Amino acid sequence: MSSEETINEVLKAENPEKIMEKMEPFRKMMLQYHCASMEVETKIRVLNEEFKNNFQRNPIETIKSRIKTPFAIVEKMKRKGLELTLENIEENLTDIAGIRVICSFPEDIYNVAQMIEKQDDIRIIKRKDYIQNPKPNGYRSLHLILEVPVFFTEGKKMMKVEVQFRTIAMDFWASLEHKLAYKKDVENYDSISRELKNCAEITSSLDYRMQEIRNQIEQKIE
Ligand code: GTP
Ligand code: MG
């Protein structure tokens, strides 16, 4: 059954007003995640502005934010074998609000991430450094799961946000690799995987060589 058919079934099964009433708390939760994402995005933009002013360069190339779709939330809850309640969603899903911070150089990633980690209203729940410890497929990025206080009309609420830090090259690699993730049945899957892993190593070495050049230009060799 397609998701549209499922929705139609649900709409037929119950009084539509009742369904809208039930949906309201879910809509409220999604709005709260959107606000949490705005809070963290602002924190990152503030750091970028200040950095620009102090060092005459941008540590951040792009910031992309996304909120998980209701469909993907339901899918993930099913995959985890959890009952679909708001409390369960908030407790177990840490990536409903997601921010991707794309930097030019690996050093910038660690500088910006550290400044976020040090902020005293932020609580770090998890830190996964796939740059120091790349995934077996070659994936590299620094992931932070953090909790940030957001002030709503009803008071303060701690909200979870996932932040992924990558270089431009790591992001380029990850978008190509992402395409393979949905094509497990592709004929030459193994050789593509090997080639991708090889490309990850080349891009990583390029990241550090370019960083070295940047540092030499800026004459900040320690
Ligand atoms: P998810 O259930 O997918 O969120 O993974 P996880 O809970 O094991 O967390 P992890 O930190 O490993 O991955 C979180 C997110 O990072 C994913 O949803 C992707 O956006 C990204 N990611 C992780 N691994 C890979 C990878 O191998 N390739 C690509 N393209 N992206 C990845
Ligand atoms: Mg995820």
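The table below lists the values:
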| quantity | calculated |
| --- | --- |
| Filter pass, residue 171 being within 11 Å of ligand 1 (Cβ to nearest atom), farther than 13 Å from residue 137 by Cβ and among the acidic types (Asp, Glu) | yes |
| Members of region 17-37 found to be in contact (Cβ under 8 Å) with a residue 12 or more places away in the chain and either within 30 Å of residue 109 (Cα to Cα) or surrounded by 15 or more Cβ atoms within 10 Å (Cβ to Cβ) (or both), listed by number | 29, 30, 32, 33, 34, 35, 36, 37 |
| Only listed residue being at pLDDT below 90 and of a type in the set (Val, Ile, Thr), chosen from 67, 19, 44 | 19 |
| Extreme residue, farthest from ligand 1 (Cβ to nearest atom), among residues of region 116-157 that are among the polar types (S, T, N, Q) and surrounded by fewer than 17 Cβ atoms within 10 Å (Cβ to Cβ) | 153 |
| Odd one out for residue 40 among (1) in contact with a helix residue (DSSP H, G or I) (Cβ under 6 Å, 6 or more places away or on another chain); (2) touching a residue at least 12 places away in the same chain (Cβ under 8 Å) | (1) |
| Filter pass, residue 160 being closer than 24 Å to residue 89 by Cβ, in a strand (DSSP E or B), touching a helix residue (DSSP H, G or I) at 6+ places or on another chain (Cβ under 8 Å) and more than 11 Å from ligand 1 (Cβ to nearest atom) | yes |
| Evaluation of residue 173 against (1) of a type outside the set (Gly, Ala, Ser); (2) surrounded by 19 or more Cβ atoms within 10 Å (Cβ to Cβ); (3) modelled with pLDDT under 95 (one fails), failing number | (3) |
| Selection status of residue 81, surrounded by 19 or more Cβ atoms within 10 Å (Cβ to Cβ), small (Gly, Ala, Ser), more than 14 Å from ligand 2 (Cβ to nearest atom) and part of a loop (DSSP other than H, G, I, E, B) | no |
| Tally of residues being within 14 Å of residue 128 (Cβ to Cβ) and either more than 16 Å from ligand 2 (Cβ to nearest atom) or of a type in the set (Ser, Thr, Tyr) (or both) across region 141-169 | 1 |
| Enumeration of residues in region 86-118 that are assigned to a loop (DSSP other than H, G, I, E, B) and of a type outside the set (A, V, I, L, M, F, W, C) | 94, 95, 104 |
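Okay, residues lined up against (1) surrounded by fewer than 14 Cβ atoms within 10 Å (Cβ to Cβ); (2) under 30 Å from residue 105 (Cβ atoms); (3) of a type in the set (S, T, N, Q):
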{"site": "45", "(1), (2), (3)": "yes, yes, no"}
{"site": "48", "(1), (2), (3)": "no, yes, yes"}
{"site": "52", "(1), (2), (3)": "yes, yes, no"}
{"site": "86", "(1), (2), (3)": "yes, no, no"}
{"site": "90", "(1), (2), (3)": "no, no, no"}
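The values are calculated or read from the model by the stated rules, or taken from the named source; none is laboratory data. The model shown is predicted, which means the values in this text are computed figures rather than measured ones. In this analysis, Cβ positions are derived from the backbone assuming ideal geometry, glycine residues included, and neighbour counts consider all displayed protein chains.
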